[in-house]
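All remarks here apply to the structure that follows.
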2 protein chains.
Amino acid sequence: MAGRRSDSDARETRLAILRRAADIGSVEGLRGITIGRLATDLGMSKAGVVGQFGSKEALQLATIELASEMFREAVWAPVEDESPGLPRLLAVCRSWVAYLADPPFSGGCFLALTSMEYGAQTGQVHDDLAAVLARWRRTLLRDIRRAISDGDLPADSDPEQVVFVLESLANGTKGAQQLHGDPDVQHRCLVAMHATLGVAPPERIAQSARS
Amino acid sequence: MAGRRSDSDARETRLAILRRAADIGSVEGLRGITIGRLATDLGMSKAGVVGQFGSKEALQLATIELASEMFREAVWAPVEDESPGLPRLLAVCRSWVAYLADPPFSGGCFLALTSMEYGAQTGQVHDDLAAVLARWRRTLLRDIRRAISDGDLPADSDPEQVVFVLESLANGTKGAQQLHGDPDVQHRCLVAMHATLGVAPPERIAQSARS
DNA sequence: AGTTTTAGCAAACGATCGTTCGTCTTGTAA
DNA sequence: TTACAAGACGAACGATCGTTTGCTAAAACT
């Protein structure tokens, strides 16, 4: 039935697989990603799905890579050109919260879920997730250190402490959203992030229509 | 081969199953809990494992209940008799961090992992997890409100905001521990919790032997 | 003492898991 | 024009999934 498509077609197929995998993973975790399910959803054969990657673990790693790029694209790319230091940090907080409130995955942040899922396990999946998060931490740390040397944060601030709090708040936002159903969670998260950075709380964000 | 044991024996078997299930779940999530695996680990037959519960979902719900009790036992029970309000809140922070640093599960906090895992899914498992976390939130909220009326927290504090930050920090501790391998994470978490409660940072905790 | 419950076992069920195999088809290179 | 490389297919593999069905045997109740 199907013969060889052009190379770009093959890359499109690969992307379609990974996009679907990332979406499933954001809801049910990496364990919920199944070759047969991807095949069914995409109207392909199981062999066709796994053929591009060789094994399920390779597919999982590629999915992590795509999700990581989607995160960077949504959170970092829009603010990359802001001035380094506190201004860019505040911009990151805004885009980060916006990403959490309206994520490009149907289950919420892919990385938040999968890093919890594989935090206590060993193997390449854990290591790749750790590497992705470590890279993000370093990005944040750079601007935190810059903010300190600029005098925008107290000179005795501990950069590691600041990044720990910011990451925790972002993580906690997913929980408060999905478990407790808190409708104000994005504002709450932004308020807490600003407090961490010693900045006056933000204006109330225009919420989805309510009363 | 095996006949009817006494009722207390049966309850012990049930407990052994749930303990093992909670431990597996803390590492690999609720999806990683498998009837066959429990049977192998406990030297039982699959029917013997599932017989006590009727179905896998019932077993999952019972596992959540046990893990919830273990959390209460480790975090709340030791501080329950402290004086309500800020003093008990600070005591909770200490026991909470201690629980996170040395959890009764081999994979870290069971609830932190599974609530992420099922946050975006629907069904009884999600609902039960949400109920457990909501109960914990209410417990914290009670003391936060008391601390406000006692004048130990600013009168214009938002209790929901405080509990959101505390929960986020606890959640983030697991991530920083398992993904980034931060050895100072428990101190970091306690510092941030104290800051949230407007209290001077705690003394440095005696760490496990290092240098 | 006799009857009823019930914990647990062995075995099998169909479904699905990840993987492998051979084949067909087609774009690309020789 | 011929030969090759590669995407995708259908089909099957053994393993494991959750569940069901008798069955055994001992505790508990009458």
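What follows draws every value from the coordinates through simple rules; no lab data is involved. This is a predicted model, so every value here is computed, not measured. Note that each Cβ is placed from the backbone with ideal geometry, even for glycine, and that neighbours are counted across all protein chains shown.
Quick notes
- Using C-alpha pairs below 8 Å separated by at least 6 residues, the relative contact order for chain A is 20 percent.
- Mean-position separation - Cα centroids, region B:72-105 and region B:139-182, in angstrom: 13 Å
- Chain A - charge dipole about Cα centre, Lys and Arg +1 at Cβ, Asp and Glu -1, debye rounded to 20: 580 debye
- Under 28 Å from A:LYS174, Cα to Cα: lysines that are on another chain or at least 8 residues apart: A:LYS56, B:LYS56, B:LYS174
- For A:PHE164, A:PHE71, order by how many other beta-carbon atoms lie within 10 Å, fewest first: A:PHE71, A:PHE164
- Only Lys, Arg, Asp and Glu carry charge here, each on its Cβ (+1 for the first two, -1 for the last two); on that basis the protein assembly as shown has a dipole of about 1120 debye about its Cα centre.
- The mean of 1/r over all distinct Cα pairs in region B:96-192, once inverted, gives the Kirkwood hydrodynamic radius of 14.8 Å.
- With its label point defined 7 Å out from Cα along the Cα-to-Cβ axis, B:GLN121 lies at 1.3 nm from the matching points of the other copies, in increasing order.
- Along the axis of the charge dipole computed for chain B (Cβ charges of +1 for Lys and Arg, -1 for Asp and Glu, origin at the Cα centre), the listed residues B:LEU140, B:LEU15, B:ALA170 are led at the positive end by B:LEU15.
- With a 10 Å cut-off around each Cβ of A:104-113, the average count of Cβ atoms from other chains is 2.
- Phi angles of region B:164-175 translate, via the Karplus equation with coefficients 6.51, -1.76, 1.60 and θ = phi - 60°, into HN-Hα couplings of 4, 5, 4, 4, 4, 5, 4, 4, x, 4, 4, x Hz per residue; Gly and Pro are given as x.
- Here the Debye sum runs over all C-alpha atoms of region B:53-121 as equal scatterers in vacuum, and log10 of I(q)/I(0) at q = 0.17, 0.19, 0.22, 0.26 Å⁻¹ comes out as -0.70, -0.82, -0.96, -1.12.
- Cα-based convex hull, the protein assembly as shown, per residue volume (Å³, whole number): 198 Å³
- GluC sites (Glu not before Pro) restricted to region A:128-211 and DSSP loop, no more than 13 other C-beta within 10 Å: A:GLU203
- Sorted by Cβ density within 10 Å, fewest first, the residues A:SER115, B:SER6, A:SER168, B:SER83: B:SER6, B:SER83, A:SER115, A:SER168
- Each 5 Å bin from zero up to the one holding the largest Cα-Cα distance in chain B carries the following percent of pairs: 1, 7, 14, 17, 17, 14, 11, 8, 6, 3, 2, 1, 0, 0.
- With the charge dipole of region B:1-153 set up from +1 on Lys and Arg Cβ and -1 on Asp and Glu Cβ about the Cα centre, the Cα lying farthest toward the positive end among the listed residues B:THR114, B:LEU66, B:GLY36 is that of B:GLY36.
- Helical runs assigned H by DSSP (4 residues or longer) give chain B a calculated mean residue ellipticity at 222 nm of -20000 deg cm²/dmol, each run adding -39500 (n - 2.57) before division by the residue total.
- Per DSSP, loop trypsin sites (Lys or Arg not before Pro) in region A:19-94 with at most 15 further Cβ within 10 Å: none
- Distances between copies at B:ASP81, taken between label points 7 Å from Cα along the C-beta direction, are 6.5 nm in increasing order.
- For region A:1-81, the Kirkwood radius over C-alpha pairs fed into Stokes-Einstein at 4 °C and 1.567 mPa s yields D = 96 µm² per second.
- Listed residue (A:LEU153, A:LEU197, A:LEU100) projecting farthest to the positive dipole end of chain A, Cβ model: A:LEU100
- Net charge of Cβ neighbours under 15 Å - reference B:GLY85; Lys, Arg +1; Asp, Glu -1: -2
- Each Lys and Arg adds +1 at its Cβ and each Asp and Glu adds -1 at its Cβ; summed about the Cα centre, region A:19-75 shows a dipole of about 200 debye.
- Rounded to the nearest whole Hz, the Karplus-based 3J(HN,Hα) values (6.51 cos²θ - 1.76 cosθ + 1.60, θ = phi - 60°) of region B:105-120 follow the sequence 10, 6, x, x, 4, 4, 5, 4, 6, 5, 5, 5, 4, 10, x, 9, with x at glycine and proline.
- FRET efficiency, 1/(1 + (r/R0)^6) with R0 22 Å, evaluated for A:GLU82 and A:GLU203 via beta carbons: 0.75
- Annotation for B:ARG11, label-to-label distances across the other copies: 6.5 nm (shortest first, one decimal, point 7 Å from Cα along Cα→Cβ).
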